[in-house]
Every structure is written in C-alpha cells, then in structure tokens.
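Written below as structure tokens is the structure these notes are about.
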Amino acid sequence: QSRAHDAIAGGAAVGPHRSDLVVWHASGLPADQCSTGEQKALLLAIVRADVRLLTASHGRPPLLLLDEVAAHLDERRRRELFEAMLACGAQVWATGTDRSLFRALEGRAQFFSAVRGQLAAA
C-alpha cells in the first residue's frame, strides 16, 4: 500500500526494518544492557527457535550462515551452540577467524579455509 509513497521518497517507509525487537534476558535485564556474550546468546536463541519453526512449517530445516558466531561466546555457550547446530538437522556454515574456537567440532564437522577467494579443505 505504501509503494507509491516509497517510490517518491526513495526508500521503504513502512516495514520490519522500521521496527524494534525488544528482548529481555532471563535475569530481567533488557538485551541492550546485557554483555556482548549475553546479547549473542539471546540472538542465537531466537535463531534456534526460528530454525525449529521453519523446519516444522516447511518439513525441512533451513540452510544457516552464522558469521563469526563463536567469537563473543564463552566456552559453555559455544559448546551449547555447537550441540544445537549438530542436532537441528540443518546445513550450517559457521565462519570464524580463530579455528581454536571451533575445537569442540573437530571430528564432527567439516572445516574449510578461504584463501584468495578459494575454499579448500582444512
């Protein structure tokens, strides 16, 4: 309904990008007052719930790309994330610049390196 106005304005004035998602941590703090690690954990909980919803509604899991996902998580949260990734049935591409953060996936996942725009088994 707003496309004519959007064309004149040169952008979308209405839509989800104009909304804020307000999230609260179990501790009672709003997400914007949580640590970076807690914020990442909250976001990943939302993504995991979305994976479950998409899997249930489409009959198959989505393809996930999680960019630099492990960098701000402590070891316990990384382990929980990796277990959830393995259990969800989705193909998951998780990027990172520090391979040691993915140590818990050794022998249970494929690793690749990107060198000069080329992927190679690592």
>> Against the conditions (1) closer than 28 Å to Ala104 by Cβ; (2) at pLDDT below 90, where does Arg60 fall short? Just the number, please.
In response: (2)
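Considering only the stretch 105-121, I want to know if a residue exists there that is surrounded by 15 or more Cβ atoms within 10 Å (Cβ to Cβ) and either more than 15 Å from the chain's Cα centre (by Cα) or at pLDDT 95 or above (or both).
Restricting attention to the stretch 105-121, the residues satisfying the condition of being surrounded by 15 or more Cβ atoms within 10 Å (Cβ to Cβ) are 105.
So of that shortlist, the ones also either more than 15 Å from the chain's Cα centre (by Cα) or at pLDDT 95 or above (or both) come out as 105.
Checking the stretch 105-121: at least one residue is surrounded by 15 or more Cβ atoms within 10 Å (Cβ to Cβ) and either more than 15 Å from the chain's Cα centre (by Cα) or at pLDDT 95 or above (or both).
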> Among the residues of the stretch 11-34, which ones are modelled with pLDDT under 90 and open to solvent by less than 80 Å² (accessible area, probe 1.4 Å)?
Replying inline: Gly11, Ala12, Ala13, Gly15, Ser19
> Looking at Arg77, Arg99, which one is closer than 22 Å to Phe111 by Cα and surrounded by fewer than 16 Cβ atoms within 10 Å (Cβ to Cβ)?
Replying inline: Arg99
>> I'd like the full set of residues that are over 22 Å from Thr97 (Cβ atoms) and open to solvent by 50 Å² or more (accessible area, probe 1.4 Å), limited to the stretch 39-60.
In response: Ala45, Ile46, Arg48, Asp50, Arg52, Leu53, Leu54, Ala56, Ser57, His58, Gly59, Arg60
>> Under 7 Å between Cβ atoms, which residue pairs at least 6 apart in sequence (or on different chains) link something in the stretch 95-118 that is within 13 Å of Glu83 (Cα to Cα) with a partner that is open to solvent by 70 Å² or more (accessible area, probe 1.4 Å) and aliphatic (A, V, I, L, M)?
In response: Arg108/Leu86
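The values are calculated or read from the model by the stated rules, or taken from the named source; none is laboratory data. For clarity, every value in this text was computed on a predicted model and none was experimentally measured. As a convention, Cβ positions derive from the backbone with ideal geometry for all residues, glycine included, and neighbour counts pool all protein chains shown. With ligands, DNA and RNA removed, areas are computed over all heavy atoms of the protein, side chains included. Shrake-Rupley method; radii C 1.70, N 1.55, O 1.52, S 1.80 Å.
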